[in-house]
């Protein structure tokens, strides 16, 4: 939420308008607890959890009289543009205020509480909404602010519980939030390899205790020492009887004589520093919300008498859409009501983020095999190419378990293409990939190499009777698949279905908007840059140059700058000369001298420029600072790869592994080409033929020619550089 508040304040000021902070939610709006914001009000807040302006539940605002009081305060202060950040209740209240606004204005004027001039100026309330809720129950938006951080906290907590559960061979029943929406429960269950999950959209039958205990018993027989059960909030059985943790605990203890513990995460899920994704989402939605209310003002002026429509900011894939607030509220209410009424299929369809698919994934990856693998079957192979990163193991884990359920063997090729040449392969089974989704790096061993000695690779594939291949990796994985595609006429063993799962922190793999590993890396980078920023504020070393990985792609540096509030991003895609760096250093010194800047963070991509390395950037700033302010370089190095994968990388890796298997086992799903990349495009996963991408990349630099994230680069300056000469504000926004 704080990232959104910061973006709203700074973009409003940058556009030349006043911005007010309404403290303590609608309670503050009614009581007049309103403060005019300035640029520095929102400095150094992106890393803070919670809400810097406070929030509260306000029963008075639920009444028409309460909303009229709020309207009077707004008319008196001439506030006719409102941006609301909150859940469905907050947004519903804002929509009602907008619908009643005209009537309130007339009544207040008739009662003599506002002048005719004020009433005319405020004929219309220009409203935009930003969804801030850990429940992620907003229809038409893939993510709401706060949901990713909540999932991150849940995964962190369960990762810790798994360690003690394994030591004592215990079962943990973990209760999570979510109200009528099972997003948190279901997504967390997939990410932590839970054995069973209860969530509201699909209420279990009366015989759920038997189904649960049979599941736990079967995985215990396979050698699993611990079990995790996720219990969502407000879950009932098919007859409407609520299921509670104590009941689940007693059923397991009675039927299986296992030691069970209950862990209620409660408000821990709301706390802590926000994840990278929530920071970026808050910034982008806040920026877009300001553009929307200003656009409404222009539209109202263009068409006299026409009422504006309140919009809510929604994430679709990597784009921010502006959808009708009233429609989104109605659909969200309908989904919740259908959940309460046990209309499971309709409730899941209305949710819109793949509930039924996630349940299918969970069934395949958590339910043990019911039959013994045949001695002779099809054989699929998995290989990791490039630098290891988070999500690689998750994709391999789901691919293996999906294949085993289809009675197909999976071979893991160790240490890149050298592994298949030397016969260094490992049989992957349902049992031995347990825990892989939660493991970082590469359990098979990843290697930065392209396929050479194709004769030996072809012999290796033939020797192991490989019928399909999943390549997990970055740009080199794409190149490897392209080589195999082109050499099929020479090597019959290459004429097999091949799917590339993009996995690289550089996010330079073509055919996809985001790769596995990126989210984990950026979470770790944000954590370290937050610490560096804190040190800079409390010492003489005010200028910090932080170097990130990413090769020739500036994705990591740009996203880091946006999500940490850094002042500059030095990347290859945006050319910066020495003269421009000198000018930047001079302006930085002036801002530090004036007290308008507490510290200066410059994020440099490792491949930004061969002629201007980090050491030269430091020399330029040292010369300008003239020893008054210290300049330090921090190279984050391999620590950026992170430890445990983030929840996003885990569940996305599992999704991509499942899609890869579906394409290889049934190549017709990939269309005319059976050598494809799994591309995250929009909200869904697509099969993208590698041959079609050949002319859309730069092989010299190992990057796609089109990079969607470059359109966000201007926000780095917009959110950090205060306009030197701002026009005198004449209206309140």
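Scanning region 72-81 for residues that are under 18 Å from residue 24 (Cβ atoms) and crowded, with 23+ Cβ neighbours inside 10 Å gives a single hit, 74.
Residues in region 40-94 that are assigned to a loop (DSSP other than H, G, I, E, B) and over 23 Å from the mean Cα position of the chain (by Cα): 43, 53, 54, 55, 56, 57, 58, 59, 63, 77, 78, 80. Within region 189-248, the set of residues being assigned to a strand (DSSP E or B) and more than 29 Å from residue 645 (Cβ to Cβ) comprises 236, 242. The set of residues in region 328-356 being in a helix (DSSP H, G or I) and free of Cβ contacts under 8 Å to residues at least 12 places away in the same chain consists of 330, 337, 345, 346, 349, 356. Do we have any residue at all in region 630-648 that's assigned to a loop (DSSP other than H, G, I, E, B), modelled with pLDDT under 95 and more than 25 Å from residue 387 (Cβ to Cβ)? Yes - at least one qualifying residue is present in region 630-648. Quick check on this structure: which one of 201, 251, 193, 288 is farther than 30 Å from residue 8 by Cβ and within 21 Å of the chain's Cα centre (by Cα)? The conditions single out 193.
For residues that are assigned to a helix (DSSP H, G or I) and without any contact (Cβ under 8 Å) to a residue 60 or more places away in the chain, scanning just region 519-545, find the one that is nearest to residue 699 (Cα to Cα). Per the stated criteria, the residue is 531.
Each row is one residue, and each column tells you yes or no for (1) surrounded by 24 or more Cβ atoms within 10 Å (Cβ to Cβ); (2) touching a residue at least 24 places away in the same chain (Cβ under 8 Å); (3) outside the structural domain of residue 438 (by TED's automatic domain parsing).
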residue	(1), (2), (3)
116	no, no, yes
137	yes, yes, yes
151	yes, yes, yes
154	yes, yes, yes
165	no, yes, yes
179	no, yes, yes
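Listed by position, the helices (runs of 4 or more DSSP H) inside region 383-499 whose residues that are touching a residue at least 40 places away in the same chain (Cβ under 8 Å) number at least 3 are 392-405, 454-463, 475-486.
Scanning region 113-166 for residues that are closer than 17 Å to residue 649 by Cβ and assigned to a loop (DSSP other than H, G, I, E, B) yields a count of 2.
The values are calculated or read from the model by the stated rules, or taken from the named source; none is laboratory data. Given the structure is predicted, the values throughout are model-derived calculations rather than measurements. Positions of Cβ are generated from backbone atoms using ideal geometry, with glycine treated the same way; all protein chains shown enter the neighbour counts.
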